[in-house]
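Let me begin by handing over the structure; questions about it come next.
Here, each number is a calculation from the coordinates, and none is a lab measurement. The model shown is predicted, which means the values in this text are computed figures rather than measured ones. Cβ: placed from backbone, ideal geometry, glycine included. Neighbour counts: every protein chain shown.
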Amino acid sequence: MARQPDLGVGTRGLRTALASHGNEGYRVSSYELELDYRIGPNRLSARAKITAVASVALSRFTLDLSGFKVGGVHVDGRAAKFSRSGTKLTVRPARPVAGKFVVEVRYSGNPKPIGGRWGDIGWDELTDGVLVASQPIGAPSWFPCNDHPADKASYRVTLTTSSAYAVLVTGDLVSRQTGASTTTWVYERREPTATYLMSVQIGRYEDLAMPQAQRLAVPRRLVPQARHDFARQPEMAALFSRLFGPYPFGEYIVVVTDDDLEDPVEAQGMAIFGRNHVDGKRTHERLVAHELAHQWFGNSLTIADWPYIWLNEGFATYAEWLWSEESGGPPAAELARQWRARLSSLPADLVIADPGEANLFDERVYKRGALTLHALRAAVGDGVFFQILRSWAEAHRHATVTTAQFVAHAEARAGQPLRELFTAWLETPALPG
């Protein structure tokens, strides 16, 4: 009997760095972070208040935290014992917790990114400021957390630093108070958010308003180039809102750092670009579309686990193609033809539905993921295809998703079996004929 392909939970190859993050026995409902940061010495003093719900009685539990000296831990107002091992903070409350409980952690030190196969991930010093890009395992570089994409929570972040710098945190700015030399910024992220999608940006930025609740934070010397390079972003937002449903957050801010970045990075309601992505010629406009599309696919709809990464990157890549089609560039069909030819020259040794940790951000995940959507479009026709995308985004707004859910959703909306198509594109290493 031929084995039926498994389009459910995938784990192959994801048992090293990724599997060491995340903790069992509870879910977090909210984080309240109070951060005092001194830029010169790169010194962070902080308190984290974490409200969680235990699914079973816990006499001990763990949080993810990298570096820092932990000054104390309280659970439901009572001092708790704690210990450290690697990136795990093990907490032993005075009495077992069950149901809702509150953990407070005081910690301090010199934050630094977490190294690994993806480079330095997390809180990173810039030449003059700070960048936080946490995908996939960087969140513990700046706060204790349950670092798993499926454990989405709300956030309140209070950050105090030198008044010479602008502070941008993923969320809505609710207050800003300036003292003699420091300013305290308070942001709230009310929508459920994965830990890796929380971000802090500190720098000398000009804050520029754009249409459709969009903003640009840019070094002054790059303002003219950035205004040109991101000028069509509101048009992209209009297109994606028409195709995928209303923009899922209150605003969208693009930060252009005054340092080079290998790739732009998305966060919840935010994207971070390097100065090397801004040249006044729209050379990197496809990346502008890509990061914006992640606000729907990746941020509002967050993968339930890392093997489903194609649901983020394949969708954002296909959004690039849709923008190209809309804006007078090559149509999606032509881009699909070009990328199929490119992929046919590469090794056929990757299963897109579960690429493994080493290949999580492989080019083939992005492009073959997009080709999967183009194959679906060809199979069901434009009308049904765009109904599938829009209803998918709306049905799972601010929730978590899996490949199996998308297959079932597409079949239900199309009114026809599609498992064979998805099996060929996602479960089979060789390109479909």
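For region 206-264, list the strands (runs of 3 or more DSSP E) that sit wholly inside it and hold at least 2 residues that are surrounded by fewer than 16 Cβ atoms within 10 Å (Cβ to Cβ); which are they? Steps first, answer last, please.
On the way: elements: 206-210, 214-218, 252-256.
Counting at least 2 such residues, we get 206-210.
Go through region 73-117 residue by residue and tally those that are out of contact with any helix residue (DSSP H, G or I) (no Cβ under 6 Å at 6 or more places or on another chain), part of a strand (DSSP E or B), of a type outside the set (D, E, K, R) and in contact (Cβ under 8 Å) with a residue 24 or more places away in the chain.
Residues in region 73-117 being out of contact with any helix residue (DSSP H, G or I) (no Cβ under 6 Å at 6 or more places or on another chain), part of a strand (DSSP E or B), of a type outside the set (D, E, K, R) and in contact (Cβ under 8 Å) with a residue 24 or more places away in the chain: 16 in total.
Only one of (1) surrounded by 23 or more Cβ atoms within 10 Å (Cβ to Cβ); (2) touching a residue at least 40 places away in the same chain (Cβ under 8 Å) is not met by Val56, so which one is it?
It is condition (1) that Val56 fails.
Of these, Arg368, Arg413, which one is out of contact with any Leu (no Cβ under 9 Å at 6 or more places or on another chain) and crowded, with 17+ Cβ neighbours inside 10 Å?
One residue alone meets the criteria, Arg413.
So for region 354-362 (the condition being without any contact (Cβ under 8 Å) to a residue 60 or more places away in the chain, surrounded by fewer than 16 Cβ atoms within 10 Å (Cβ to Cβ) and assigned to a helix (DSSP H, G or I)), does at least one residue qualify? Walk me through how you get there before you give the answer.
Residues of region 354-362 that are without any contact (Cβ under 8 Å) to a residue 60 or more places away in the chain, as a first pass: 362.
This time we only want the ones that are surrounded by fewer than 16 Cβ atoms within 10 Å (Cβ to Cβ), so: none.
Scanning region 354-362, I find no residue that is without any contact (Cβ under 8 Å) to a residue 60 or more places away in the chain, surrounded by fewer than 16 Cβ atoms within 10 Å (Cβ to Cβ) and assigned to a helix (DSSP H, G or I), so the answer is no.
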